[in-house]
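Scroll down for the structure; my scribbles are underneath it.
The values are calculated or read from the model by the stated rules, or taken from the named source; none is laboratory data. Here the structure is a predicted model, which is why all the values come from computation and not from measurement. Glycine gets a Cβ as well: all are built from the backbone with ideal geometry, and neighbour counts include every protein chain shown. We work out accessible area using only protein heavy atoms, side chains counted, and drop any ligands, DNA or RNA first. Shrake-Rupley method; radii C 1.70, N 1.55, O 1.52, S 1.80 Å.
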Amino acid sequence: MKNDMLKGKTMKLQDFIRSKDMTDQQFANYIGVTRVAVTMYRNGDRIPKKEIMQNIRDFTKGKVQPNDFY
């Protein structure tokens, strides 16, 4: 049921950050990583570790899911 609620409502990390008018640094502070790491996640140069993906999912209230990085 939870997946049905999210179906079609997920977004890429870059789109989420833009929609909230945040900087990479602000987002990094919320999820506990560096600004450089967030920039790499946004650009597809790095995939977040499991615990960071959980932080991203929690902070974005499920709008950015682990599958959005693959």
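Cβ separations smaller than 7 Å between residues 6+ apart or across chains give the following pairs from segment 38-61 residues that are within 16 Å of Ile17 (Cα to Cα) to residues that are in a loop (DSSP other than H, G, I, E, B) and not charged (D, E, K, R): Tyr41/Pro48; Ile52/Val33; Asn55/Gly32; Ile56/Pro48; Ile56/Val64; Arg57/Val64; Arg57/Gln65.
Note on segment 47-70: residues that are acidic (Asp, Glu) and open to solvent by 60 Å² or more (accessible area, probe 1.4 Å) amount to 2.
For segment 8-19, name all the residues that are without any contact (Cβ under 8 Å) to a residue 24 or more places away in the chain, over 14 Å from Gly62 (Cα atoms) and surrounded by 12 or more Cβ atoms within 10 Å (Cβ to Cβ). Of everything in segment 8-19, just one residue is without any contact (Cβ under 8 Å) to a residue 24 or more places away in the chain, over 14 Å from Gly62 (Cα atoms) and surrounded by 12 or more Cβ atoms within 10 Å (Cβ to Cβ), namely Arg18. Does Gly44 satisfy the criteria of being surrounded by 11 or more Cβ atoms within 10 Å (Cβ to Cβ), on the phi > 0 side of the Ramachandran plot and modelled with pLDDT of 95 or more? No, not satisfied.
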